[in-house]
Each structure stands twice: as C-alpha cells, then as structure tokens.
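Bear in mind these aren't lab numbers, they're just calculated from the coordinates by the rules spelled out. Computed from a predicted structure; not experimentally measured. Every residue, glycine as well, gets a Cβ built from its backbone with ideal geometry; the counts of neighbours run over all protein chains shown.
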Amino acid sequence: MSDDSTATMASLRAGLAADPLWDFALSFYARPGVEAACLLLQDDAGVDVCELLWRCWLHRHGLAPAGELDELSAIRRWQDEVTVPLRTLRRQLKAQAAHDPGTAEVRRCIQQAELAAERETLLRLQHLALRTTPPTALSAATPNLENSLASRWKLQKKEQLLAVQTLECQLDPL
C-alpha cells in the first residue's frame, strides 16, 4: 500500500469512527421508504437488516467489506441464535397481545430485547469495520450500491430490486 492509499484509508476509517453505525442506522431507517425496503428484503429474500444497514453505512463512507469475511460468521450466528428467535416470538405474540394486556407487556419486553440484540449486532459490525478487517475503498470500478446489494444477496425479483433502489436513493453521500 502506498503512503497516499494508507492516508486515504486512515481518513475513510476516521469517518467511520466519527459516524457510529447505530446512529446512522436509526437515522437512515427513519427515512421515507427505508423501513419498508429493509423489511421486504428481510422477509422476502432473507436479508439480514443489520448487515444490510452496515453495508449501506460502509458505502456511504466510500468503503466496502473486504470480500466475504470470516468474522461475519460469528455475527450471523448471533443473529440466528439470538435476534431471529426474539423476532419470531414477538411476531407470534402480536395477535394475542392486541387483546391481552399481559401478553402485550411481555411482547413489549421481547421487542426491547430484540432491539438490544440488533444494537449489539451493529456494534459488532462496526468493530469489524474499524478494527478487525479493514474494508476496501470504493473505486470507479466498484459497482453502485444497488448492484452490490443485489449481487450480494442474489436479488432478482422486481420488488426486491426496487427496495435496494430505494435504499440507494435515500443514502446521502458524504
């Protein structure tokens, strides 16, 4: 790596450190169409929303994951073993909670635990980008975010592709 590319990478990583992934995720998720796009990709294509938001955050900072990272397997295992079961249980209790205040309170607690698990996932993904494996800087040859996400999760359905277009349109460049 040349001195220029080392300095550029240091600058890009400093930008990541100054823009915590959790803060970005909350702000980005609240933008018009982003929540619906994320949930469609989660429910229709099996996309992990935390990883999706992480990839959007990296892209916003001019970075991309350095290939398929081994460290992601532990994060994905956390999601599969902790977050997904909480989400499943919360969704299963939705109808009953509408008629039973006790169940509604339990469901609210499960929802808080699910959110805490997602926050932990985002923190682990942020650490991955900042410390464990350096991301790569985007270049002119790097595909745009839409193509990158569609390729990563092999998205082909029209509604899935429209969802990733929404994400790219709502992502402000730095």
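Compare the peptides 110-123, 48-61 by average per-residue count of other Cβ atoms within 10 angstrom and give them in order, highest first.
Values: 110-123: 17.4, 48-61: 22.7.
My ranking of the peptides, most packed first, is 48-61, 110-123.
Per 0.36 nm of contour for each residue apart, how much would the distance between A30 and C109 grow if the chain were fully extended, relative to their Cα-Cα spacing? Numbers along the way, then the final one.
On the way: separation 79, 0.36 × 79 = 28.44 nm, distance 2.18 nm.
Full extension of this stretch gives 26.3 nm more.
Please give the charge dipole size of the chain, origin at the Cα centre, charges +1 on K and R Cβ atoms and -1 on D and E Cβ atoms. Round to the nearest 20 debye.
On the way: 19 positive and 23 negative charges, 68 e Å.
Using only the charged Cβ atoms, the result is roughly 320 debye.
Report the extension gain between Q42 and L89 in nm, rounded to one decimal, defined as 0.36 nm multiplied by the number of residues separating them, less their alpha carbon distance. Mind dumping the intermediate values first?
Values: separation 47, 0.36 × 47 = 16.92 nm, distance 1.61 nm.
The span from Q42 to L89 would gain 15.3 nm if fully extended.
Given R₀ = 30 Å, FRET efficiency for R119-S151 by Cβ-Cβ distance, to 0.05?
On the way: r = 28 Å, r/R0 = 0.93.
Once the sixth-power term is evaluated, E becomes 0.60.
Considering the Cα trace of the range 28-94, what is its radius of gyration and what is Dmax, both in angstroms?
13.4, 41
Using a Gaussian network model of the chain whose springs link C-alpha atoms within less than 10 Å, name the residue from P135, P65, P101 with the highest mean-square fluctuation.
Most flexible of the set in this elastic network: P101.
Build a GNM of the chain with springs between Cα atoms under 10 Å: which of A129, A25, A74 gets the top mean-square fluctuation?
Fluctuation is largest for A74.
State the label only: which of (1) 9, 35, 36, 15, 5, 1, 0; (2) 10, 36, 30, 13, 6, 4, 1, 0; (3) 10, 39, 36, 13, 2, 0 corresponds to P(r) over Cα pairs in 10 Å bins from 0, in percent computed from the shown model?
(1)
Please give the contour-minus-distance gain from H99 to S11: 0.36 nm per residue of separation, less the Cα-Cα distance, rounded to one decimal in nm.
Details: separation 88, 0.36 × 88 = 31.68 nm, distance 5.31 nm.
Once the chain is fully extended between H99 and S11, it gains 26.4 nm.
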